[in-house]
């Protein structure tokens with residue numbers, strides 16, 4: 001007979017490993033390419049010492065002359081607080097009782113809930129990789145009642161629950177997204193709050209609490225990982241705006257510039273769908289484009305042995321040139337179920353005939369060498 005104890009056992013012994021692998025490998029091709037590690041985690045923080053530049057104790061000399069003076073390595077310490085990542089499923093008491101005598105029906109019930117969790121979590125973790133850590137989904141360009149025109153609706157989906165901020169003041173909490181028009185950048189929100197230009201939409205309860213994504217890394221001013229960019233120019237990536245038409249020469253020149261100044265190697269390129277189409281058009285004009293198979297079952301365009309993938313959350317007209325070896329997703333542990341003192345995963349929601357179970361991971365994304373990464377923007381899309 002199926003009970004909540006049975007469900008607990010199944011969630012622990014079967015679903016945890018499967019879901020963890022899907023969220024780590026199948027959520028996003030960029031995430032699949034980034035190393036996951038528990039190293040350099042100290043309490044609630046990640047503290048990573050990174051080497052800057054080269055060792056100065058090298059030089060030529062005469063046969064009997066003085067040896068080079070020891071120069072030593074220069075180090076910088078990156079410090080970031082682990083972010084709290086959650087994913088929750090919900091099962092009603094009625095659904096559990098209805099499938100109590102039918103194990104097949106119960107398995108279907110759990111499968112459906114877990115598939116929904118993986119889909120929703122993959123969506124949001126993929127989005128965070130391109131965010132700036134603030135949780136901002138979009139900025140309001142104009143508002144007419146609850147219908148908003150945004151700078152971009154790419155991060156929104158029907159059913160999402162968002163908070164709306166004016167500056168740092170929250171003016172509406174837990175508002176549902178009821179309609180999304182991606183072509184025109186419009187969304188409709190539930191509720192009766194008056195919205196205005198420059199309001200921002202943020203994932204519920206997430207303001208300032210998301211992963212430090214590419215949007216935070218690709219800046220030339222301010223602080224990152226506790227260090228000031230003006231005092232540490234190695235924290236500033238290569239950035240070229242107003243690119244216009246993409247071509248093999250333009251792309252290769254950017255890669256060469258990054259590799260010359262950083263000594264690293266670009267091994268992964270991610271762009272918007274429109275930029276990928278433009279690149280395919282540019283390359284196919286004089287040569288055949290071939291593909292590469294990536295970890296996680298993804299396929300990519302082969303650009304001089306560097307995979308090029310498109311991502312729905314990459315900003316329009318933008319291409320990121322990355323060395324994934326310079327990134328690490330530092331985590332306290334891999335995905336785990338949140339357990340009560342009694343060891344139970346499924347917990348009844350107070351005052352409701354509903355049980356919930358929550359997956360949790362405490363992690364933060366670090367880029368050890370921002371100067372070894374690049375971004376092309378203002379690319380004309382096809």
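The residue that is surrounded by the fewest Cβ atoms within 10 Å (Cβ to Cβ), among those in the range 186-218 that are farther than 14 Å from residue 137 by Cβ and out of contact with any strand residue (DSSP E or B) (no Cβ under 7 Å at 6 or more places or on another chain), is 192. Tell me yes or no: at least one residue of the range 325-332 is modelled with pLDDT under 90 and in a loop (DSSP other than H, G, I, E, B). Scanning the range 325-332 turns up no residue that is modelled with pLDDT under 90 and in a loop (DSSP other than H, G, I, E, B).
Restricting the first member to the range 1-12 and to residues that are farther than 19 Å from residue 358 by Cβ, and the second to residues that are buried (at least 16 other Cβ atoms within 10 Å of the Cβ) and at pLDDT 75 or above, the beta-carbon pairs closer than 9 Å and six or more apart or on different chains are 2/96; 3/96.
Being surrounded by 19 or more Cβ atoms within 10 Å (Cβ to Cβ) and either in a helix (DSSP H, G or I) or touching a helix residue (DSSP H, G or I) at 6+ places or on another chain (Cβ under 9 Å) (or both) is a condition met by no residue of the range 138-151.
Inside the range 230-260, residues that are in a loop (DSSP other than H, G, I, E, B), over 21 Å from the mean Cα position of the chain (by Cα) and surrounded by 17 or more Cβ atoms within 10 Å (Cβ to Cβ) make up a count of 2. Contact annotation: no residue pair with Cβ atoms under 6 Å, 6 or more positions apart or on different chains, pairs a residue in the range 16-42 that is on the phi > 0 side of the Ramachandran plot and loosely packed, with under 15 Cβ neighbours inside 10 Å with a partner that is at pLDDT below 90 and outside any helix (DSSP H, G or I). Against the condition surrounded by 19 or more Cβ atoms within 10 Å (Cβ to Cβ), over 23 Å from the mean Cα position of the chain (by Cα) and without any contact (Cβ under 8 Å) to a residue 60 or more places away in the chain, how does residue 279 come out, does it pass? The answer is yes for residue 279.
Which residue out of 94, 119, 171 is under 30 Å from residue 366 (Cβ atoms) and either outside any strand (DSSP E or B) or in contact (Cβ under 8 Å) with a residue 12 or more places away in the chain (or both)? Exactly one of 94, 119, 171 is under 30 Å from residue 366 (Cβ atoms) and either outside any strand (DSSP E or B) or in contact (Cβ under 8 Å) with a residue 12 or more places away in the chain (or both), namely 119.
For the range 5-15, how many residues meet the condition of being exposed (fewer than 13 other Cβ atoms within 10 Å of the Cβ) and either within 30 Å of the chain's Cα centre (by Cα) or not in a helix (DSSP H, G or I) (or both)? Break it down into steps so the answer makes sense when it comes.
First, pick out the residues of the range 5-15 that are exposed (fewer than 13 other Cβ atoms within 10 Å of the Cβ): 5, 9, 13.
Now restrict to residues that are either within 30 Å of the chain's Cα centre (by Cα) or not in a helix (DSSP H, G or I) (or both): 13.
Here the count works out to 1.
The values are calculated or read from the model by the stated rules, or taken from the named source; none is laboratory data. What you are looking at is a predicted structure, and each value in this text was computed from that prediction instead of being measured. So basically every Cβ, Gly included, is an ideal-geometry build from the backbone, and we count neighbours across all protein chains shown.
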